[in-house]
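J.: Next up is a structure, given as structure tokens.
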Amino acid sequence: MEGAPSAAAVNGLEFYNIQQGHCYFYIEGLSDIYTSQVQLYDAFGNLLDEYDGEASGAVLEDPVIKNNGFYAVKVRGCYEQAGGYAGCGEWTDPYYFSTAAKPFKLSQKNGRITAKWTKVQGAGQYTVYISKKPSGGFKKAASTSSVPASVRKIGNASLKSGKAYYLKGEEELTADGETYTASGSAQKIKMK
């Protein structure tokens with residue numbers, strides 16, 4: 001297009017303030033003469049919505065963004081001329097982000113703790129970590145591709161009656177050769 005600058009390439013995204021119904025991200029690489037166009041996808045590659053943003057970032061406020069899921073965005077920079085003509089760069093590869101994971105439910109019986117998740121959209125792997133403290137010292141205790149998961153030990157030691165333990169979960173999505181994680185806060189359970 002005559003007089004239009006060359007198409008700009010987006011160099012990266014930094015996500016902030018991710019919550020149900022809302023996501024903000026900063027766009028790296030676009031100068032202020034550009035606007036951005038954004039496509040939001042679910043974890044399976046289905047297009048959910050399209051948005052316009054600025055050169056510096058975009059805010060997605062949409063009820064389709066729910067807790068307990070992985071999502072992806074694609075972005076491109078566009079230069080708009082008078083008369084509505086626009087020159088646009090190429091769409092980026094997907095950038096993935098996760099919303100808050102719902103807490104799992106813990107139960108215990110016969111020296112074993114069972115952790116049940118609400119399945120996370122897009123997750124292919126679930127991992128349970130355990131500690132004797134609410135923050136820090138967590139060790140991998142179980143990993144599964146389906147839910148629930150059972151924990152019998154902390155490190156090499158069996159779980160002890162009368163003791164309290166803290167468990168937290170991590171969900172993983174593997175896409176395009178990369179692994180992305182979502183995690184919840186630690187939850188306490190006391191062994192009987």
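J.: Between N17 and E80, what length in nm is gained on full extension when 0.36 nm per residue of separation is reduced by their alpha carbon distance? Mind dumping the intermediate values first?
T.: On the way: separation 63, 0.36 × 63 = 22.68 nm, distance 2.88 nm.
Result for the pair: 19.8 nm of gain on full extension.
J.: Principal axis extents for region 33-137, Cα atoms only, whole Å, descending order, please.
T.: Principal axes ranked by extent give 73, 28, 22 Å for the Cα atoms.
J.: Can you run phi through the Karplus equation (6.51, -1.76, 1.60; θ = phi - 60°) for region 95-111 and list ³J(HN,Hα) in whole Hz, with x for Gly and Pro?
T.: These are the phi-based 3J(HN,Hα) values: 10, 9, 9, 10, 8, 4, 7, 5, x, 8, 9, 10, 9, 9, 6, 6, x Hz.
J.: Evaluate the distance, in nm, between pseudo-label points positioned 7 Å from the Cα of D176 and of T144 along their respective Cα→Cβ axes.
T.: 3.2
J.: Treat each spin label as a single point 7 Å out from the Cα along the C-beta direction, and report the N110 to S161 distance in nm.
T.: Once both label points are built, they end up 1.6 nm from each other.
J.: Note down the net charge around T92, summing +1 for each Lys or Arg and -1 for each Asp or Glu among other residues with Cβ under 13 Å from its Cβ. Please list the in-between numbers first.
T.: On the way: positive: K74, R76; negative: E28, E90, D93, D176.
Result for the neighbourhood of T92: -2.
J.: Per residue, what volume in Å³ does the Cα convex hull of region 103-180 take up?
T.: Values: hull volume 7.7 nm³, N = 78.
With only Cα atoms used, region 103-180 gives 99 Å³ per residue.
J.: Right, next: [x] 76, 27, 27; [y] 67, 42, 36; [z] 41, 36, 29: which one is Cα extents along the principal axes in Å as calculated from this entry?
T.: This structure yields the entry labelled [x].
J.: So, one more: Could you give the length gained on full extension between D62 and S183, defined as 0.36 nm per residue of separation minus the Cα-Cα distance, in nm?
T.: Between D62 and S183, full extension yields an extra 41.3 nm.
J.: Near the amide H of L48, under 5 Å away, which other amide H atoms are found, from residues 5 or more places off or on another chain, if H is placed in the peptide plane?
T.: Close amide H contacts, sequence-distant or interchain: L40, Y41, D42.
Only the coordinates and a few stated rules stand behind these numbers; no lab work does. Being a predicted model, the structure only gives us computed values, none of them experimental. Quick reminder, even Gly has a Cβ in these numbers, built from the backbone with ideal geometry, and neighbours come from all protein chains shown.
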